[in-house]
Amino acid sequence: MNTLILIDPENINLTGIEFFDLSSFVQLVSRFTLNMAVILILVRWLYYSTTRRKDYLFTYILISSLIFLLCYLLAGVKLQIGFALGLFAIFGIIRYRTSSIPIKEMTYLFLIIGVSIINSLADTKSSVSDVLFTNFVIILITFCLEKIWLQKQELSSTVLYEKIDLIKPERRNEMITDLQERTGINKINRIEIGKIDFLRDTCTVRIFYDVSVNKVMNADLTENNKDDNDEDDD
């Protein structure tokens, strides 16, 4: 007796892995979109608008995407403790061949890693509002630090000054005006008189002035590029 067996093509599973799950795919796309939006705000708007470092912009976006997908896809996999620690250590020892990563860039690197892990591993007990609030707080704190509180930074420079007759307290304003004209600094906040040499009619003066973070980062970038070129020459 011949028996006819009907096979539903949609239920064929040759590998033991479900080919397509609509709900899981929608959750992955929605979380990835949220994570990418937050990373672009942090990196493209807050970081890049200040530093103009395209190399780090490229790195941050790719690392964030990779970590998010890695953590999200491995969230349901039971990993041995040694493998899990080794996987985390890979991202903890990231270092480039050239000079060491500046502290601000390293902070942003840790920031985008943390945000990606939060957005990928937030379990079902955490509501959408909890995840959105967490991302909002991170963006708000970064914005306040980058654009408001730390937009200007006070620097100091030491100069050898020869107009020793202006070091008297009653002529301090004249001395500040003269230093501003000769150094090109728009506004000197204060000055400190150092060593005075009456034989040569000179003294060391330490001047304090505000400078935007953008100028500071550009100066650091120029110095780093110089160091990199020196290493390449070696």
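Here are VAL128, VAL137: which of them is loosely packed, with under 12 Cβ neighbours inside 10 Å and more than 21 Å from LEU109 (Cα to Cα)?
VAL128
In the stretch 140-191, how many are aromatic (Phe, Trp, Tyr) and loosely packed, with under 13 Cβ neighbours inside 10 Å?
1
Condition (residue is at pLDDT 80 or above and over 17 Å from LEU73 (Cβ atoms)) applied to the stretch 24-38: is it met by at least one residue?
Yes, because at least one residue in the stretch 24-38 is at pLDDT 80 or above and over 17 Å from LEU73 (Cβ atoms).
Of a type outside the set (Asp, Glu), modelled with pLDDT of 90 or more and either more than 30 Å from ALA37 (Cβ to Cβ) or assigned to a helix (DSSP H, G or I) (or both): does that describe LEU109?
When the stated conditions are applied, LEU109 does not pass them.
Are there any pairs with C-beta distances below 7 angstrom linking a residue in the stretch 159-188 that is touching a residue at least 60 places away in the same chain (Cβ under 8 Å) and within 22 Å of VAL211 (Cα to Cα) to a residue that is among the hydrophobic types (A, V, I, L, M, F, W, C) and part of a helix (DSSP H, G or I), with the two at least 6 apart or on different chains, and if so which?
Hits for this filter: zero, empty list.
The values are calculated or read from the model by the stated rules, or taken from the named source; none is laboratory data. It should be emphasised that the depicted structure is a prediction, and the values quoted were computed from it without experimental measurement. Heads up, the Cβs are rebuilt from the backbone with ideal geometry, glycines too, and the neighbour counts pull from every protein chain shown.
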